[in-house]
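Beneath this line is the structure, given in structure tokens, with notes to follow.
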Amino acid sequence: MKTFAIVLASLLMGSGAAAKCIPHTEAENKIGAQECVTGQVVSVGQSKSGTFFLNFCQNYRECPFTVVVFPSHVKDVGDVRALEGKTIEIFGKITSWRGHAEIVLRDVRQLKGESAKLPPVPKEYDAERKGKFSPKAPSAPKSKASPQ
């Protein structure tokens with residue numbers, strides 16, 4: 001299944017490689033289309049479930065476009081937090097969720113240019129821990145109190 005997804009992403013990238021990217025503000029007019037979308041990532045948010053959101057507006061709730069990275073895709077994409085403040089180009093199918101356009105980022109090959117050079121996720125990242133990932137160093141184990 002993963003091989004199929006990689007082949008599909010490669011085919012999609014090949015067909016869209018020559019396409020000009022549209023601004024993120026126009027993505028809502030292209031729902032259902034395979035497009036390249038560009039914009040500056042203003043912030044990277046993470047939900048309690050571990051899903052990352054690349055936000056292109058100060059107020060993400062009013063933004064017409066978002067990039068979503070589900071926990072199961074993080075290892076195939078890389079540390080998306082490194083995209084904050086950068087202008088990216090992303091290719092994929094534009095879908096609608098709660099009235100906003102979005103692209104689900106499943107593979108780093110959906111990104112073009114410098115944004116495709118993401119660092120790998122930290123070794124301690126575990127998508128199964130759902131939202132408990134932190135970039136901080138692991139804390140020392142708690143010592144057991146000795147019985148008296």
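A few comments on the model shown:
- Residues in region 82-111 reached by a label modelled at residue 29 [backbone nitrogen below 17 Å; 7 Å Cα→Cβ]: 94-95, 100-102
- Per-residue ³J(HN,Hα) for region 21-33, Karplus 6.51 cos²θ - 1.76 cosθ + 1.60, θ = phi - 60°, Hz, x for Gly and Pro: 6, 9, x, 4, 6, 9, 4, 5, 8, 10, 3, x, 9
Where a number appears in this text, it was derived from the coordinates with a stated rule and is not lab data. Keep in mind the model is a prediction, meaning the values are calculated, not measured. So basically every Cβ, Gly included, is an ideal-geometry build from the backbone, and we count neighbours across all protein chains shown.
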